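First up is the structure itself, then whatever we jot down about it.
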Amino acid sequence: MNKFAEQVVAEVVSNKRVGAYHHMVLSVGDLANHAKPGNFVAISVGGAGSSMVLRRAFAIYRATGRESGVGYIELVVAPHGQGSTWLTSRSAGDGVDLVGPLGTAFGIPTQPVRALLVGGGYGSAPLFGLSEVLKSRGCRVDMVLGASSAMKIYAPLEGKRSVNSLTITTDDGSTGIPGKVSDVIPELIENNQIDIIYSCGPMGMLEAITKIAVEKDVMHQCAIEESMACGIGICMTCVLPIKGEDGVIRMLRSCIDGPVVNGENVIWDSNREIPEGTWGAL
Ligand SMILES: Cc1cc2nc3c(=O)[nH]c(=O)nc-3n(C[C@H](O)[C@H](O)[C@H](O)COP(=O)(O)OP(=O)(O)OC[C@H]3O[C@@H](n4cnc5c(N)ncnc54)[C@H](O)[C@@H]3O)c2cc1C
Ligand code: FES
């Protein structure tokens, strides 16, 4: 587990609706000092006595206020089911039981590179903080944001400000280029001579990006959104077949060995079964 993880009662500082999402700022104290782009938090939902016993995972959109000694994290939450709807109904001053920062973070290159950041829906959340870090290291940053419709593109204006170029795609064509993010990536790789792709979004999108990255021989780090019941490595519900550097496939927990992994190491077509030859399988 992330060695910096701690459990805190975070105070909701603000909660604003932005398109299909809620942008929430939580006061978390020192925890913010250790949050890196790609990390997530696991939040207890429903309040005391709730039947919703499982924490819900949310990517850290941004961590701020470190210098002042008062730390904040920001989240982008889609009211989806009961838990996320409960969270987005919290008001300023309410307390939220939170564990974080959890999971692995995006690897930051030591030399300036040309990076392409690709986000699907709320999956764009961790990419803005990542973009800031990459820009501060002298990297060129291009971004693609995709969603089913215009309402589900998160923060297009902020995207435009924080990167060298922003491309938007929507399935229904309500804004940007009609189609999927994977339709525009090959051309962006060629035109901008991309060295590395960072992505976050639905599993199908990550698989499609991996195929392109392998074909084009570009590194690809992705933040996986596998269903997580505990978020801290205990329940094994989030396991995925991932090939190690030694070529051996292992069932790894995406909450502690991920969520950020090398896309080309994931066995995307396992159909939720343990692939033949996996370490420890009969
Ligand atoms: C790393 C990560 C980052 C995420 N970041 C964001 C984000 O930034 N913004 C955002 O809006 N959403 C994010 N999500 C998705 C978010 O966690 C889910 O939408 C949320 O759990 C929905 O909870 P709910 O109660 O509203 O939905 P419901 O569908 O009512 O409940 C989901 C619950 O069921 C459990 N569950 C579902 N399938 C399984 C399974 N196969 N095995 C075990 N348990 C299961 C989940 O753990 C969860 O507790 C992220 C998910 C992950 C894994
Ligand atoms: S979510 Fe429980 S082990 Fe990963």
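Looking at LEU117, is it under 19 Å from the mean Cα position of the chain (by Cα), assigned by TED's automatic domain parsing to the domain that holds VAL25 and of a type outside the set (Gly, Ala, Ser)?
Here the answer is no, as LEU117 does not meet what is asked.
Just one of the listed residues (ALA125, ALA92, ALA105) is within 21 Å of LEU31 (Cβ to Cβ), among the aliphatic types (A, V, I, L, M) and surrounded by fewer than 16 Cβ atoms within 10 Å (Cβ to Cβ), namely ALA92.
Yes/no matrix, rows are residues, columns are (1) more than 13 Å from ligand 1 (Cβ to nearest atom); (2) modelled with pLDDT of 95 or more:
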residue: HIS34; (1), (2): yes, no
residue: ASN39; (1), (2): no, yes
residue: GLY49; (1), (2): yes, no
residue: LEU54; (1), (2): no, no
residue: HIS80; (1), (2): no, no
residue: TRP86; (1), (2): no, yes
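Which of the residues belonging to segment 189-205 are surrounded by fewer than 19 Cβ atoms within 10 Å (Cβ to Cβ), assigned to a helix (DSSP H, G or I) and at pLDDT 95 or above? If the condition is that a residue be surrounded by fewer than 19 Cβ atoms within 10 Å (Cβ to Cβ), assigned to a helix (DSSP H, G or I) and at pLDDT 95 or above, then GLU190, ASN191, ASN192 are the ones that fit. Taking segment 248-282 as the range and being part of a loop (DSSP other than H, G, I, E, B), surrounded by fewer than 17 Cβ atoms within 10 Å (Cβ to Cβ) and either near ligand 2 (Cβ under 9 Å from one of its atoms) or at pLDDT below 90 (or both) as the test, the residues that pass are ASN271, ARG272, GLU273, ILE274, PRO275, GLU276, GLY277, TRP279, GLY280, ALA281, LEU282. Taken over segment 18-60, the criterion of being farther than 24 Å from LEU134 by Cβ, out of contact with any helix residue (DSSP H, G or I) (no Cβ under 7 Å at 6 or more places or on another chain), surrounded by fewer than 18 Cβ atoms within 10 Å (Cβ to Cβ) and in contact (Cβ under 8 Å) with a residue 40 or more places away in the chain is satisfied by GLY29, ASP30, LEU54.
Rundown of residues vs (1) more than 16 Å from ligand 2 (Cβ to nearest atom); (2) at positive phi, yes/no style:
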residue	(1), (2)
ARG17	yes, no
MET24	yes, no
VAL28	yes, no
ASN33	yes, no
GLY49	yes, yes
VAL53	no, no
ARG56	no, no
THR64	yes, no
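Contact map, segment 221-241: first residue touching a residue at least 40 places away in the same chain (Cβ under 8 Å), second residue surrounded by fewer than 21 Cβ atoms within 10 Å (Cβ to Cβ) and among the hydroxyl-bearing types (Ser, Thr, Tyr), Cβ cut-off under 7 Å, separation 6 or more or different chains; pairs are MET228/THR237; ALA229/THR237. Of the residues making up segment 215-234, one or more are in a helix (DSSP H, G or I) and either exposed (fewer than 15 other Cβ atoms within 10 Å of the Cβ) or more than 8 Å from ligand 1 (Cβ to nearest atom) (or both).
The values are calculated or read from the model by the stated rules, or taken from the named source; none is laboratory data. Note that the coordinates shown come from a computational prediction; the quantities given were computed from them, not determined experimentally. Neighbour counts are summed over all protein chains in view; Cβ atoms, including those assigned to glycine, are modelled from backbone coordinates with ideal geometry.
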